[in-house]
Structure formats: structure tokens, C-alpha cells
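Have a look at the structure below, then the notes.
Taken together, the values in this text are just the output of simple stated rules run on the coordinates, not laboratory data. As the structure is a prediction and not an experimental result, all values here were calculated from the model. All Cβ positions, even for glycine, are placed from backbone atoms using ideal geometry, and neighbour counts span all protein chains on display.
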């Protein structure tokens with residue numbers, strides 16, 4: 001039976017160890033997804049003419065999915081598939097165990113940058129195929145975003161395919177009804193943002209125009225810093241890696257946020273304000289602007305309207321920066337798929353597997369693994385996808401595959417949104433890939449940063465808040481930068497720069 005060859009999710013560490021002693025973990029699909037046993041059917045020969053592919057991927061749901069979509073995928077791609085689903089919490093351990101024992105699939109999911117870094121030595125050790133030279137031969141893979149592909153390079157070479165995910169959701173959420181009343185259009189520059197906040201306060205519409213929180217990354221600060229030309233964590237200046245806080249853009253951002261606080265345009269206690277309290281400022285009508293994840297506008301508008309029925313919101317992320325163009329920092333974490341040489345023995349076999357990956361971007365298959373089957377998992381409303389209300393069905397048959405899907409935005413049917421502003425936020429989020437600012441250190445190595453980067457970064461975090469609160473001046477901030485350098489920062493710069501130069505010839 002087909003479901004007898006489907007691999008179940010791994011359970012406990014002890015069970016995982018026992019399984020490794022007997023080989024690849026497979027199971028019957030009992031629907032529990034908590035144990036793993038060996039199934040002889042896993043190694044059965046593929047049907048004549050089909051490509052046999054074993055895939056190990058992360059599981060973010062309580063149960064492994066049914067094989068309904070898998071059967072369709074096999075038919076559409078002429079493949080014989082076997083999935084090993086591993087719970088997210090134990091995936092890192094399973095990944096390392098598989099590398100240690102050599103029990104690798106044809107396609108190996110690597111969940112984020114930390115996991116990618118952890119197997120860097122294996123990639124450098126020639127255990128995986130370099131796929132970069134082959135991608136031009138495939139209609140979909142050849143169109144993958146070059147900036148993201150550059151981020152996942154190792155020593156200047158491409159070994160993996162990335163999973164599409166919104167690179168950045170960051171933008172401006174503001175009270176459109178207030179802006180309309182004051183004759184203000186959607187902000188397009190930092191000056192527009194400042195002017196809107198000032199008008200909100202002067203008009204008496206808002207007591208705290210900008211609601212912010214104690215987070216320099218997902219609060220307002222990092223998004224605003226993109227508009228001031230600050231690089232994303234690190235920048236390349238004259239061939240040298242430079243941390244963002246050693247750039248003028250970062251200092252200008254601190255000065256701008258300090259100005260907002262000095263003028264009462266932001267909640268005075270934002271360095272100790274939680275996200276919940278920040279959002280409550282919006283819900284209660286005290287604040288008219290929120291800088292953060294644009295999809296939050298759906299809940300912000302809904303909950304605000306329970307208190308203020310006439311409240312309407314809008315979103316914007318195409319803010320022109322100091323260079324005259326829009327730009328916004330992007331997240332560093334994304335899934336990747338690697339192709340082990342120990343399992344894929346020949347170039348011919350690799351090409352067949354890459355052809356399978358290419359087909360995952362075809363509209364029919366892409367929509368299947370994101371939305372499911374029309375009439376079963378969703379209906380079309382106004383030509384847009386409206387999921388069924390049976391969330392358990394969706395989880396069991398569709399969303400459990402989310403860790404596997406490569407394509408999540410290209411060639412996709414539009415989603416139906418009950419709120420127009422939520423649809424706009426989704427659209428702007430997808431468009432942001434065109435001007436997302438990436439972190440150049442993503443593919444680079446720094447032993448010192450791995451060991452102590454997070455700890456000494458707190459020096460800069462504390463100094464940033466102190467500057468905004470007026471407790472230190474610019475010289476005091478530069479003293480903190482010097483302290484960061486002395487405690488390992490200079491070594492991090494040196495190591496990242498050396499890695500950058502090595503990767504770029």
C-alpha cells in the first residue's frame with residue numbers, strides 16, 4: 001500500500017537513536033505521527049519510467065499529512081515519492097544524525113540560517129551537489145531571485161534551492177480616516193511620516209501618534225533605519241564588512257526616533273512597552289500609526305472598530321529612502337533544499353530531481369500544495385481562493401506539507417480577503433521582494449560572531465535606547481561601539497571581511 005512507505009514523524013530522542021541503528025526511519029501511516037518504524041516497502045523499486053525521490057522535511061503540525069496530495073503530485077510529475085516528516089523541535093538532531101550515519105534522502109530540508117551554518121562543513125566537504133550550473137536549464141528554477149540565491153551561496157557556489165517566503169512584511173499601518181480628514185495622502189518619505197504624526201497630534205485626533213514597543217528589530221526602529229539608508233545588519237563598504245550601527249544611517253535613525261520622543265509623537269515608555277500594549281494603543285484609538293508587520297492591519301482594524309466604528313486603516317511600504325528609491329530590510333531565515341551526493345549518484349539522476357523541483361513552480365502544482373484541491377479544500381469567491389472552514393481537514397491534508405513546498409508566491413491564485421486593506425497588505429508584502437535589503441553576511445563565516453556575537457550586540461542595543469532617551473550623546477554611543485569592538489567586534493569584522501573576500505574571489 002502507498003501509505004506503508006510514507007515516513008512518520010520522529011518522536012523521542014531514545015526512539016530516534018534506536019531507529020538510526022536500523023537505518024532510515026519509515027512507518028505505516030496510522031495518523032499519530034509520533035513514532036517511527038522501519039518499513040521494507042520504503043526500498044521497493046520505483047515503477048518503470050518514474051523517478052524515485054526520498055524527501056526529508058520538517059513537520060509543523062501535530063500529524064503527518066495524508067497522501068492525497070502526494071498521489072496527485074506523483075501522477076503529475078511521473079515520480080515515486082517517499083517523505084520523512086520530522087517534527088520541528090527535533091529536526092536539528094535528526095539532521096545531524098542523518099549526516100553522521102549517511103542515511104540521507106535525495107532532497108534534504110534545512111530549516112534556517114542556523115541549521116545551514118551547522119552543516120556548512122559538510123557542504124564544504126563535497127557531500128552535496130553544486131546545483132548552480134544546472135539551474136539555467138530549467139524554466140522556473142532559472143528565474144529564482146538572484147539576491148536570495150546569492151545569500152545561500154557557500155564559497156561563491158549554489159548548493160541549495162530556497163523556499164519562497166515573504167522576505168519582509170514590514171511597513172506603515174495608519175489611520176486612513178484621520179489622514180483623509182486632514183487631507184494627507186499615503187506617506188512616501190520619512191518627512192511624510194513625520195508630518196502625518198505631527199498633524200495627528202496637533203489636530204487633537206491622537207494623544208500618542210506613533211505606537212511603538214521595546215523591540216529594535218520588529219518594532220519601528222529597524223524599518224525606519226531602512227529609510228535612512230542603513231544596511232541590513234551588515235553592509236559592504238569599500239570591500240569591508242561594516243555593522244549597521246557603524247553607519248551614518250543608523251545614527252540618523254536614532255536622532256529621528258529621539259526627535260519623535262522629544263516632541264511627544266511616540267509613546268514615551270516605548271523601550272519597556274510590550275507588543276500587546278503597543279497594539280492596545282491602536283485598538284483604543286489613542287494612536288494612529290503602527291510601524292511593523294503590515295498583515296497585522298487585519299486584526300488592528302477589526303479590533304479598533306469594536307471601539308471606534310468609523311476607524312479605517314491603510315498600509316504603505318514603498319517609502320523612498322535617502323538614495324531616492326524604496327528599500328526595506330528582509331529577514332534572514334528561509335528554508336533550503338540540499339541534494340546529497342551519497343544518495344544522488346549521477347549527474348543524470350540529479351537532473352531528473354531538479355526537473356521535479358522545477359515542476360513544483362508550475363501553477364497547477366504550486367496552487368495544489370499551498371491551497372489544496374478546489375471544491376475540497378477551498379472554493380473560489382470573486383475568482384479568489386477562500387479556504388474551507390474545516391481547519392482540521394486543511395491541516396491534515398494541506399498545511400502539513402508547508403515545510404516541503406518550494407513555491408509559495410510565484411504563479412499563485414490570489415487569496416480572498418474579507419478586508420480590502422488586508423488584501424493590500426498581502427499584495428505589498430509580495431511586491432517587497434523587488435526592493436528588499438538583504439544581509440550580506442548570510443553566506444559568510446565568523447567563528448567569533450557565532451560564539452559571542454549575540455552577547456556583545458546587547459552593548460549596542462542598550463546604547464541605542466540610552467541615546468533615544470537622552471541619557472547619552474553621540475560621543476557616548478561611539479564609546480559603546482568602541483566597547484563592542486574591544487570585546488570581539490573587531491574580530492567579527494575581520495572574519496566576515498575575510499569570508500566575504502574568499503567567497504567573491
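Tabulated data
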| read-out | value |
| --- | --- |
| Tilt relative to the chain, helix 490-503 - C-alpha long axis, 0 to 90 degrees, to 10 | 50 |
| Cα centroid of region 311-367 to Cα centroid of region 197-243, whole Å | 27 |
| Principal axis dimensions, largest first and in whole angstrom, of the chain by Cα | 74, 56, 44 |
| Degrees between helix 347-359 axis and first principal axis of the chain (Cα, 0 to 90, nearest 10) | 50 |
| Expected-Rg normalisation [2.2 N^0.38 Å, Cα atoms] applied to region 203-360 | 1.43 |
| Residue 72/residue 150 FRET efficiency (R0 25 Å; Cβ-Cβ; nearest 0.05) | 0.15 |
| 273, 409, 230 arranged by Cβ crowding within 10 Å, fewest neighbours leading | 409, 273, 230 |
| Cα principal axis extents for region 399-505, largest first, Å | 52, 42, 27 |
| Inverse of mean 1/r across different Cα pairs in region 86-193, Kirkwood, Å | 17.6 |
| Size of region 337-460 as Cα extents on the principal axes (Å, biggest first) | 53, 47, 30 |
| Sorted by Cβ density within 10 Å, fewest first, the residues 339, 313 | 339, 313 |
| Debye intensity ratio I(q)/I(0), log10, region 372-435, q values 0.21 Å⁻¹ (C-alpha model) | -1.04 |
| For region 254-331, convex hull of alpha carbons as volume per residue, Å³ | 129 |
| Compactness of region 191-266 as Cα Rg over 2.2 N^0.38 Å, two decimals | 1.25 |
| Sites residue 475 and residue 310 - FRET efficiency at Förster radius 41 Å, r taken between beta-carbons, to 0.05 | 0.25 |
| Residues of region 275-293 with amide N under 19 Å of a point placed 7 Å along Cα→Cβ from residue 186 | 288-293 |
| Global form of region 150-226, assessed from the alpha-carbon gyration tensor, a/c cut-off 1.5 | prolate |
| Exposure proxy order (Cβ contacts within 10 Å, fewest to most) of 342, 189 | 342, 189 |
| Degrees between helix 68-77 axis and first principal axis of the chain (Cα, 0 to 90, nearest 10) | 80 |
